[in-house]
Amino acid sequence: MRFKSDRKVWRWLPHGEDVLAALLVLVLALVVSSATASPLDKAMDKVLTVRSADGEDRFLGSAFIWADGTVAVTNAHVVGEAEEVRLINRDGVEETALVIASDPVRDVAVISITPGREGLVLADAAPELGDEVFALGAPLGVEFTLTEGLISATERQVDITVPLMLLQHDAAVNPGSSGGPLVDADGLLLGMNSQIADGSRMFVGIAYAISAADLDRIVTGLIDETLVPYPHLGLSARAVDLKVADALGVEPGGMLIDAVAPKGLAENSGLLAGDIITGVDGTALTEAGDLAFAFEGALETGEVMLDILRQHESVEVTLALAAVEDEGGTVLRQIGGNAAPAMVQSYSLAGLGIVLDESGTVTDLTMNSPAADAGLALGDKILTVNGDEVDLATFELTGPALILVQARGGVTRHLRLDPWTPSDGVRPVGGANVLDPAVVVF
């Protein structure tokens, strides 16, 4: 191929050797491009977005291909109760896949995939404080995004009822990042992003990932069906801090039982509200979070011996950890005997936690409402509902609706409001302050 400068046109020469040379250059370019792709770029090839496999086509979160290439891994809270999900890679290739196992307590789910693909290789060593890390996923639905940060803490128990020490880091993670991998500069798997300090729902500088070592144990156990489920104990308890200890006239330490659920493991074992758990299997509780790890360590044997302080007397209680048979599921509330609660047929806007002025502008909004989940914000003005202008004061929502709103700056957007369908599942769970509430549920 030659360039003729006087006429400024391209002219293909008919010589076969030129064509062969051009093809050779193209092949070499592709090979070099593939060979020189960065480790992080290669890692992104193993990241997937997760969407619902129903007509709602909801964005759920992120996932990644496991090391052996036979399954994908994500958070249990990403897939929820779904039996099937859709997985999409960065090339747009999509498949409907079966959720084959899920551990809601440890927050890990395993999804079957078409075999034959490379997965993320686990790092040989755990990261250290200050190590550079990269979060891959789909924050806020922005697919195949990479953010950079540092390891802020190597072992952080975020929820004292869950026996996991998480990696804390400051790579930006937002709703939708859940289930995405945390990798090092070589693209090796360090963990799975699972939670953020979610006081505002959005990233505030603290993110948490399940470590690769724990993932290896949990994923392998779920696939091999050797992972013993962590049971719901049926008790609520609080740490015996200085104030609680002073009020009760006891030494600080241990866990004070606030409530015992009927027919649960705790009640069946004879635990009572007011009992103070001071030790497990002869080991004193020095931190409130030690209780969850002690229970997990006893899952194989199926029971633990609890040291209890009951009305200033020391007693021992054997707590069975085998799951309680519950054919009908957990009953939260019974209405009229065996009657099932009726589904709400319609909602007013006020009933959805939306307060409007005369112009239809949102002046107040319940922040855990379906409207807030849909994206409605203070200062938004509702213009139409399903394309029509309506009397917002008397309007009743009888089905999912598409509302047109105008922000304070004049920009308009459509929001889908559906109070009958659960949230997408991308709202983060837990947070950095889970240790702060007085009462926790096991």
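Each value in this text was obtained by applying a stated rule to the coordinates, not by laboratory testing. It should be emphasised that the depicted structure is a prediction, and the values quoted were computed from it without experimental measurement. Here the Cβ positions follow ideal geometry from the backbone for every residue, glycine too, while neighbour counts run over all protein chains shown.
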Cα lying deepest toward the dipole's positive end in the range 235-322, options 280, 309, 295, charges on Cβ: 309
Around residue 281: net Lys/Arg minus Asp/Glu count, Cβ-Cβ under 11 Å: -3
Assigned charges on the beta-carbon of Lys, Arg, Asp, Glu; the range 108-218 dipole about Cα centre (debye): 420 debye
Distance in nm between pseudo-label sites at residue 273 and residue 346 (7 Å out along the Cβ direction from Cα): 4.1 nm
Global form of the range 159-284, assessed from the alpha-carbon gyration tensor, a/c cut-off 1.5: prolate
Tensor-based shape of the range 347-417 (alpha-carbon gyration tensor, a/c under 1.5 rounded, otherwise prolate or oblate): rounded
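Work out the length of the dipole vector of the range 347-417 about its Cα centre, built from +1 on the beta-carbon of each Lys and Arg and -1 on the beta-carbon of each Asp and Glu, and round it to the nearest 20 debye.
Details: 4 positive and 9 negative charges, 64 e Å.
Charge dipole, the range 347-417, about its Cα centre: 300 debye, nearest 20.
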Net length gained if the chain between residue 140 and residue 420 were fully extended (0.36 nm per residue, minus Cα distance): 98.6 nm
Cβ-based exposure ranking for 232, 312, 77, 414, in which fewest neighbours within 10 Å come first: 312, 414, 232, 77
Net charge contributed by nearby residues that have their C-beta within less than 13 Å of residue 113 (K/R +1, D/E -1): -2
Pair residue 242, residue 202: separation of 7 Å Cα→Cβ label points (nm): 3.8 nm
